[in-house]
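Everything on this sheet refers to the single structure shown next.
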Amino acid sequence: MWDTLIVNPLVQGLLFLNNAFQSLGIPYHFGWAIIALTIIFKVVTLPLNLKQIRAIKAQQELQPKLAEL
């Protein structure tokens, strides 16, 4: 199940990017494919990261008020 849901799509995406960079004649195409895949993941998870940062800031603003109680 892990292979089907996580590993295979990641490998297929990595190989797709590798082949795309290789067909464009970019040197070190596999390394660039890894970097591109990492950037794609960062962009996809950006909304979750921003929500987490906002929640942490709100909690930090609440903490002094809770400490007074």
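Look at region 1-25: where a residue is within 17 Å of Val44 (Cα to Cα) and a partner is of a type in the set (Phe, Trp, Tyr) and part of a helix (DSSP H, G or I), sitting 6+ places away or on another chain with Cβ atoms under 8 Å, you get Leu17/Trp32. Within region 4-52, the set of residues being open to solvent by 100 Å² or more (accessible area, probe 1.4 Å) and outside any helix (DSSP H, G or I) comprises Leu24, Tyr28.
The values are calculated or read from the model by the stated rules, or taken from the named source; none is laboratory data. Note that the coordinates shown come from a computational prediction; the quantities given were computed from them, not determined experimentally. Every residue, glycine as well, gets a Cβ built from its backbone with ideal geometry; the counts of neighbours run over all protein chains shown. When the accessible area is computed, the model is the full protein with side chains, heavy atoms only, and any ligands, DNA or RNA have been set aside. Shrake-Rupley method; radii C 1.70, N 1.55, O 1.52, S 1.80 Å.
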